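First the structure, in the form of structure tokens, and then the observations on it.
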Amino acid sequence: MAIWGIGTGTETAENNYNIPKHLSEADRTNTPHNCFADQRGWVYRRYGTTAQSGLSTSYYDEVLVPVSGLNTTGISSTRGLGVADPTAIFFEDPNLASPISLEAGGTSGIKTGVTGYVNLVFNENVYVSAGATVKINISDPLDVAKASILGYASSVAAAVPVYNFVNGQGYTEFVNYNGQITNRVAFGFTAPTTLYTANVPFGVTTLSSLVASGASIIPVGSVSGVAIGSSVSVGSALFNAPIVSVGSTTVTIAAASTVASTLSAGVAVTFSTRTTAAKLRIDTVRAFAGVITDFSGGVGVTSTYTSNLIRNVGGAGSTPTVGIGTTTLTVTAR
């Protein structure tokens with residue numbers, strides 16, 4: 001029964017924290033991050049809103065496989081999971097795409113000043129007090145650290161009931177709970193308004209022939225990916241000069257940026273893009289702060305998570321275009 005997460009081994013990243021093995025992060029419709037253990041067994045929560053987290057008030061639970069006492073230390077001959085473990089943490093897709101999008105997903109980062117979310121996922125339901133926080137580090141486009149912000153766990157809408165299966169009680173209605181009851185905790189943050197500008201390298205080649213002092217046409221071995229507005233650096237003689245024209249084997253720079261000395265063939269050439277943005281990454285050193293307790297035993301859960309828990313979800317990558325979840329989120333002024 002190990003495929004159903006009822007093995008005798010401990011919960012680790014290697015065995016996907018015992019979550020049923022047929023659930024894949026690359027699946028467009030069924031993600032392991034909406035699956036959790038409770039007293040009934042392994043449960044898949046199907047949301048009726050785009051907010052697939054503890055902030056949603058519309059969902060129903062599907063029992064994938066019944067296992068009595070799964071979110072406890074176990075009963076009779078059945079092994080339980082014990083205290084809830086964190087299994088993943090990621091930036092939520094700002095588009096809240098459903099079904100979850102693979103790879104690009106039509107999302108281009110996030111705008112300055114808007115609300116974004118970090119989702120912290122557990123393999124069981126947990127109680128989360130409003131005000132719990134995660135730390136988010138901010139860097140410039142070259143990944144140089146600049147600042148940090150916090151994401152805060154808030155509550156579902158006031159007076160709106162939500163239902164969860166409680167050990168020994170069955171389905172229980174919760175109204176005005178000051179926090180979230182979920183396996184997928186949402187921490188909201190405001191995207192920073194301060195952006196940073198830098199030239200981000202994207203290609204390296206060499207001079208294909210001699211360049212005279214004062215030249216503005218640079219013969220290069222490759223112009224792959226180069227466009228008007230890109231920048232070029234040549235050895236120590238030219239640094240991030242804007243490109244005004246691109247040929248099949250040459251790039252042209254403005255007269256104000258001409259090469260100051262004669263350069264021979266074979267000198268290194270670097271192309272870059274002038275980029276204004278801020279890059280957000282989840283901090284693994286601080287982890288989360290605040291009260292998050294196990295749904296079954298009521299004890300505090302592990303407050304740390306290692307870098308292997310920071311996930312690319314649904315095929316998303318650490319680029320400005322992301323899917324449902326990503327390790328890096330780019331903030332732009334667009």
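Here are some notes:
- Among the residues listed as 142, 150, the single one being modelled with pLDDT under 95 and either farther than 20 Å from residue 45 by Cβ or not basic (Lys, Arg) (or both): 142
- Residue 235 vs. criteria in the same structural domain as residue 132 (by TED's automatic domain parsing), surrounded by fewer than 20 Cβ atoms within 10 Å (Cβ to Cβ) and under 40 Å from the mean Cα position of the chain (by Cα): no
- Test: residue in region 22-41 that is basic (Lys, Arg) and free of Cβ contacts under 8 Å to residues at least 40 places away in the same chain: no
- Of all positions in region 326-334, at least one carries a residue that is more than 17 Å from the chain's Cα centre (by Cα) and modelled with pLDDT of 80 or more.
- Region 265-289 - residue that is among the basic types (Lys, Arg) and part of a strand (DSSP E or B) and, of those, surrounded by the fewest Cβ atoms within 10 Å (Cβ to Cβ): 274
- Qualifying residue in region 70-80 (condition: buried (at least 16 other Cβ atoms within 10 Å of the Cβ), in a loop (DSSP other than H, G, I, E, B), at pLDDT below 80 and in contact with a strand residue (DSSP E or B) (Cβ under 6 Å, 6 or more places away or on another chain)): no
- Count of residues meeting criterion [closer than 16 Å to residue 92 by Cβ and buried (at least 21 other Cβ atoms within 10 Å of the Cβ)] in region 118-155: 10
- One residue alone among 225, 229, 168, 203 is modelled with pLDDT under 90 and not charged (D, E, K, R), and that residue is 168.
- Filtered residue count, region 191-229, keeping only those that are under 30 Å from residue 329 (Cα atoms), small (Gly, Ala, Ser) and either exposed (fewer than 12 other Cβ atoms within 10 Å of the Cβ) or touching a Pro at 6+ places or on another chain (Cβ under 8 Å) (or both): 5
- Condition check for residue 5 on (1) closer than 26 Å to residue 162 by Cβ; (2) among the small types (Gly, Ala, Ser); (3) modelled with pLDDT of 70 or more: one failure, at (3).
The values are calculated or read from the model by the stated rules, or taken from the named source; none is laboratory data. Just so it is clear, the structure is predicted and the values come from calculations on it, not from any experiment. Counting neighbours? That spans all protein chains shown, and the Cβs are built from the backbone with ideal geometry, glycine included.
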